[in-house]
Amino acid sequence: MCGIIAIARQKSSRIPPSAEGIKQSADLSNLGRIQDHQDILRCVKKLQKVKELISGAAGINTLISDSQFRSYLQGICSILTEDLENYESELVQTGMDSQKLEEINTDLIKLKDLLWHIEYDRIIVSQSVGELLGGRTGDRFIEIFLTVQQVLTGLDRLEVRGRDSAGIHLMIQNHGLDLKNLGVRQEIENRAADLNYKSGSVRILDNALSFVYKVASEIGELGDNSQELRKLILSDDLFYRALENENVTAVAIGHSRWASVGIISEPNTHPMNSELLESEDSPFVVAAANGDVDNFADLKRLRNLQIPKLITSDSKVIPALMSNELSSQHGSPLDLDEAFRKTVQTLDGSIAIIANTGLKPEKLYMALRGSGQGLYVGLSD
């Protein structure tokens, strides 16, 4: 199945907790082993506290910087997981009444969820973020690469049914590149000339830099796309140099595609941008979509959208139309909300949409059109 994941992260105000502080706050020295229901309740309470303390970028920072504490938590997860397996085996043989069994099972599930979260969503994610950091330190790097890793992880989980292509777009504000440097300028221009918006394309915007990475393949296994995207990011020295600014931020959009309209190719891989063959001064928009735009051919003709020939996906019309709506507005400032609404209203079909613009690079636009699609919004530190 195709799917979208997008993250707009604000700078965290939390100070990374210390390992000792977490141990004391959660009273982990008295965690104990699991032999009965009360032990499960005790572990749930303590691990819920651990989950809260290691949440967000601040918690990932702690896990990255303290490998001993990371191993300590991993050990707890392994021991308690083994205890739970033994306890469940014994529970089956007790002949306990169903009501009591349901009560225990509810708490068992809570504990299993906590253990899974700490091990996979925190410990393993922190290791993956550490790999992306490549030895770099600083809160800004951790926050940005946590965003990248969460998008890549999200793409893995969205690849259950279809996975012919995937992409990630990063809108970078307050970048660290010296655009007056001829070498830097030439490097960007070499990657900005591709109207087909293939992997590695870069765009200089008034308020930001646009980086996109894409993979497309008819044959592959679950996880291949995210691994390839990770390699592309790790090998992009220009991207890492762009992050060399204390105030740098990033908004990310990721998409896993199962082709319906348009062949499997990098130009057809989302996220897609608004650029047309004749649109040099138009506002820059990037978007990803699930579902089909049933009237895309009519919209191309009616709006005279000069789309590059290699881009045959119906979704290309979405960012192009939003840019078109912005260009047609009179007065200042431009009303991006209204442009997005009008764009969505012109579309026929069952569609979920996410968009980001160069005019307000820190803001994401989301919409559902028709039925059959889902859109979930989460707010967190």
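The values are calculated or read from the model by the stated rules, or taken from the named source; none is laboratory data. On a predicted model such as this, the values are computed, not experimentally measured, just so you know. Note that we place each Cβ from the backbone using ideal geometry, even for glycine, and neighbour counts take in every protein chain shown.
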key: Test: residue in the range 71-85 that is in contact with a Lys or Arg (Cβ under 8 Å, 6 or more places away or on another chain), among the aliphatic types (A, V, I, L, M), more than 17 Å from LEU111 (Cα to Cα) and assigned to a helix (DSSP H, G or I)   = no
inquiry  = Among the residues that make up the range 38-51, is at least one of them among the charged types (D, E, K, R), part of a loop (DSSP other than H, G, I, E, B) and not assigned by TED's automatic domain parsing to the domain that holds LEU364?
reply    = no
message = If LEU310 meets every condition in (1) within 22 Å of GLN173 (Cα to Cα); (2) assigned by TED's automatic domain parsing to the domain that holds ALA250; (3) touching a Ser or Thr at 6+ places or on another chain (Cβ under 9 Å) apart from one, which number is that one?
response = (1)
ask   = Got a sec? Which of SER78, SER29, SER71, SER89 is of a type in the set (Ser, Thr, Tyr), free of Cβ contacts under 8 Å to residues at least 12 places away in the same chain, exposed (fewer than 12 other Cβ atoms within 10 Å of the Cβ) and under 23 Å from SER128 (Cβ atoms)?
value = SER71
remark   = Residue hits (the range 173-209; among the acidic types (Asp, Glu) and outside any helix (DSSP H, G or I)) are ASP178, ASP194, ASP206
key: Candidates GLU90, GLU85, filtered to the one that is closer than 14 Å to LEU115 by Cα, modelled with pLDDT under 95 and not assigned by TED's automatic domain parsing to the domain that holds ILE354   = GLU85
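Tell me which residues, restricted to the range 312-347, are within 27 Å of GLY372 (Cα to Cα), under 27 Å from the mean Cα position of the chain (by Cα) and surrounded by fewer than 22 Cβ atoms within 10 Å (Cβ to Cβ).
THR312, LEU336, ASP337, GLU338, ARG341, LYS342, VAL344, GLN345
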